[in-house]
Structures are given as structure tokens and as C-alpha cells.
1. Of all residues in segment 210-260, which are surrounded by fewer than 24 Cβ atoms within 10 Å (Cβ to Cβ) and in a loop (DSSP other than H, G, I, E, B)?
2. In this structure, does residue 539 turn out to be part of a strand (DSSP E or B) and at pLDDT below 95?
3. Name the single residue, out of those in segment 94-120 being in contact with a helix residue (DSSP H, G or I) (Cβ under 6 Å, 6 or more places away or on another chain) and surrounded by fewer than 21 Cβ atoms within 10 Å (Cβ to Cβ), that is nearest to residue 528 (Cα to Cα).
4. Quick one: which residue in 213, 241 is at pLDDT 95 or above and either over 18 Å from residue 284 (Cα atoms) or not assigned by TED's automatic domain parsing to the domain that holds residue 6 (or both)?
5. Being touching a strand residue (DSSP E or B) at 6+ places or on another chain (Cβ under 6 Å), surrounded by 17 or more Cβ atoms within 10 Å (Cβ to Cβ), modelled with pLDDT of 95 or more and within 25 Å of residue 357 (Cα to Cα) is true for just one of 480, 476, 551. Which residue is that?
6. Does segment 60-98 hold any residues that are within 28 Å of the chain's Cα centre (by Cα), in contact (Cβ under 8 Å) with a residue 12 or more places away in the chain and more than 30 Å from residue 554 (Cβ to Cβ), and which are they?
7. Tell me which helices (runs of 4 or more DSSP H) are completely within segment 261-356 and hold 2 or more residues being closer than 30 Å to residue 368 by Cα and more than 23 Å from the chain's Cα centre (by Cα), or say none if there are none.
């Protein structure tokens, strides 16, 4: 009994910390939107006010839980430590992802500047016409948060901290849910690490890409639902609402995936807890309304008003057809050449059991290659430098570990007890959610696939009665954790080297005492923002510069990095166009 009380107290602390982090993210977005409604008044205070209210909420929840003395401040202090740590890591690293620099930063600069995305959602973007479609119509939750941080601190890169906050919240959520389910602390920690350290999340951790935020929010919502259906509390209900809002406003697919998971939970209620069904349906409806109609007003409501489809441009309407569609763009530019003729299931199998690569980038080879499980070499690990590895994107050992999980999954289903029904429902839910996407073969578009092989081991850790079951569960989860750490280690090592290289280049240019000419083939807004932040005088060129150097911009193998060349003082007449708007 004392151990059970300790587990309950620890779980409660984790959930309060999670609520604090989720509230901070959502309140920062809400205050930015509120400032737009009142003429952008005091927009720089959005993040500090959100932080103050979130920490106050943590203390209030701790008191309501009956905690007394210094322990009342523990969840708030832990949440604050995570926020500061996330901000410090984000401050060190530069965003070197293609999508992050191309259109995510464009949207952040616009929101932090003079764009009122609520009153004028279809504004023309003078400095970023190539990203205008994305800026107007894509989900903007992480952009609002980054804009709030940018406005408060003057540092755009600090806004990437949402990735680390989402990662921490999802890991704590799985840990707390596992404790609620009856696992020991050590076993709960192992399950939480494996579930949270999704290679998609870890590969995008230091960028403005949003697949990882969506994946972490989906995992957190699922963990909170898992505990809520066992023991409903207002604390868990609020976490479900806020985590859902974060996922819905990170990506359009977040809305689709959450609808599937909410439907599965409703099925569970009809099956086992019919007396709670109406209360659960009200919670799910509230989560969707807050995520789409309130915090998600732009894009979901504005897209419906102006383009007659909330998911435009991924899907269109008769008056406003989809702009090619995600499937067409990925088929044309992003799919390995030998997978283009095949259906999405074939592509998933090939991408799972293929040799690590980012085909069709670099341009040779352009096709994917099959590989025996566990046959990856050290040379193959280079492809985890990329933020969105296409083939074997879940890690070099994932295919073999997935195969080993199959007999364990079947064994768990054959065992008697309530766990097999829960396992079957969760697995079916993940598969069903993947089928809502036409491009789920690419890990960034179906990140929840990472969880499937870990599920039977996670359930066996509590219900195992034979020694070999324990050994098998620990071995499978240990292998998945090692696999995730390989991907994270390789990628973060590249991020560290590349950030140091870029910082060295910018320092040299800032201290050179002479202007430079710069060519931004793609990353005009983000590139100009970095030049301004370092006070580097420059002349912007509109075509390639002869005898130029490459400014560290993207992973080697991706096309069109930023080019620069120092100008002699006699040639230096600064004629660069207006730079991105600053707050």
C-alpha cells in the first residue's frame, strides 16, 4: 500500500507538470490571438503572461490535490526547469531543416511582425510569395508559440523550444499512465523512454518542423485518455483538451489522427463503460471545438470561409480545387523512384525494410533498396543526419525489431485477461489512423507507427507470469530504445557540428568589417533574419554568385543552399530589399 500511494503521488505530480507545460503553450497562442483581436496590443507580453499563469495553475492544482509545505512548489519548479532547459537548447541550435527555413520561419516572422492572421488571413506576402500558400492556410499552433517567444525575447530560434516541451510532456504522460496502469517506476520509465523518443520527434527536435510536435501531442493525448478511461479526473480532462489542441494546430493530420483515437475511446466506453459514454463524448467534442474553432480559427475556420474546406490546400472544393494535393507533390518530388508506381502499403513495407536512405535525395541513387533486418552498416547511419529520413526512418534496427514483436503480439493476444482487449484496440486504432493518410509510408507522416512494435512488450511488463515473457519484453523494449538512441545520437551530432559551423561563419562575416553579397535560392526570409540578427551588411543577389561559398543551410545532398561572397569595400553599395518585419 505505501508503494501504491507513492506511485499515485508521483503520477499526480507528473500530470500537474504536464498540465503546466500544455497550458503554457496554449496560453501563449491564445494571448497572441487575443492581441490580434485588440489591435496587437502588448503582444510582447504574451509569453511572460502565459508562463506566469501556467505556473500559478500548477501551484493551484498542487494545493487542490492536498499537498502541503514546500512540495506545493515542486511541480511548478520542475515545469519551469523544463521550460528553461528547452529554451536554452533551442537558443544553442539553429534550425537547419528545409521546411523549417522555407515556410515555417516565414510564417513566424509574419505573425511576430504586422500580420493579423485573424482579421486578414489572405494577406499578400511581399517578401515570401513562394510560401504564401503555406503561410495563409497551414496549421499555425507552433508558429503562434514561436512568435510569442520571438516577440518577448527578440530571438526567433528560441521558439523551437515547443519541440522539447512537447517531448517532455509526452514522456511524462506515458510514465504517469504506466504508473496508473500498475507498472513499477523502472518499468514505467523504460516504456516512457521508448514511446517518447520517437525517431521522428528526435530528428526534428532542433528545427521548426512540426511532425514531431504533432506526434508528441498525439502520444500525450493517448496517454491521458488511457488514464482518464480508468479513473476520470478534471486534471486529466484538461490535459486531454489542451494536448488535443496542440496536436490539431500542429498539422492537419493531427486532427485526422485524433478523430480516430477519440472514436476508439468511444468504442471502449460503449464496450466497457457505458455509464461514462456521454461524459466522454462531451470531453471529446470540447477538445475538437477548442482545437479547431477557437485556437484553430486560422486555419480551420478561415479556410472554410474563404476556401470552402477546412483542410485546404491538402483538400479543395469545387470553387477552390486542391493545389495539386499532398499525394501528387510527394509522388513527384519526394518518393524514391522505384516506389512511385506502387500503392501505399507496398511503399510502407519497402520503407520499413529498406536500407537507410533519403532517396530521391541526394540525387544518386534515386531509388530505395531492400535490406535484411539488422544488416545496416556504419555508412548507412549518415542518412539520419536528415530531418525527415524516408527509408528506414524509424532507425536501422526497426525492421528486425518489428518482426520480433509479431510473435510477442500474437502471444499477448492469446493470453487471457483484459490486457489483450486493450492491446487489440490500441493496435487497431494506430493502424486505422495511419490509413487516413495517403503518404503514411514516410515516417514523418505516420509517426505513430513507431509505437506498434513496443505495445505487446509494454503490456507484458505488467502481466507477465513467466520468466521468458519478462525477458522478451525487456529485450524488445531495450532494442527499440537503443535503436532510437542511435538515430538521436547521429542526428544531434550533425546538428551540433553544423550549428557550430554556421555560428563560426556568421561570426566571421560579422567581424569582417565589409559587406557580403548573398543569394537566397529558397530561404529568403529566414536567411535575411539571420543576417539582421548578426548585423551583417549584405547585398541580396537574385541569381547564383560565381566563386561563392556555401553558408551552412541544410544537410549535404539537399539542393539550393545559401551562397555568399565577401565584397571589397569599393563594390559595397548596400541595395538589399526590406528585411523581414521585426516586432
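1. Scanning segment 210-260 gives 231, 232, 233.
2. yes
3. That would be 116.
4. Checking each option against the conditions leaves just 213.
5. 551
6. Within segment 60-98, 61, 74, 75, 76, 78, 79, 80 qualify.
7. Helices (runs of 4 or more DSSP H) meeting the threshold: 325-333, 344-352.
Here is a yes/no grid of residues against (1) within 30 Å of residue 132 (Cβ to Cβ); (2) at pLDDT below 95; (3) touching a helix residue (DSSP H, G or I) at 6+ places or on another chain (Cβ under 6 Å); (4) loosely packed, with under 15 Cβ neighbours inside 10 Å:
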{"position": "273", "(1), (2), (3), (4)": "no, yes, no, no"}
{"position": "282", "(1), (2), (3), (4)": "no, no, no, yes"}
{"position": "287", "(1), (2), (3), (4)": "no, no, yes, no"}
{"position": "297", "(1), (2), (3), (4)": "yes, no, no, no"}
{"position": "314", "(1), (2), (3), (4)": "yes, yes, yes, no"}
{"position": "325", "(1), (2), (3), (4)": "yes, yes, no, no"}
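The values are calculated or read from the model by the stated rules, or taken from the named source; none is laboratory data. All values reported here derive from a predicted model rather than from experimental measurement. Every residue, glycine among them, receives a Cβ derived from its backbone with ideal geometry; neighbour counts consider all protein chains shown.
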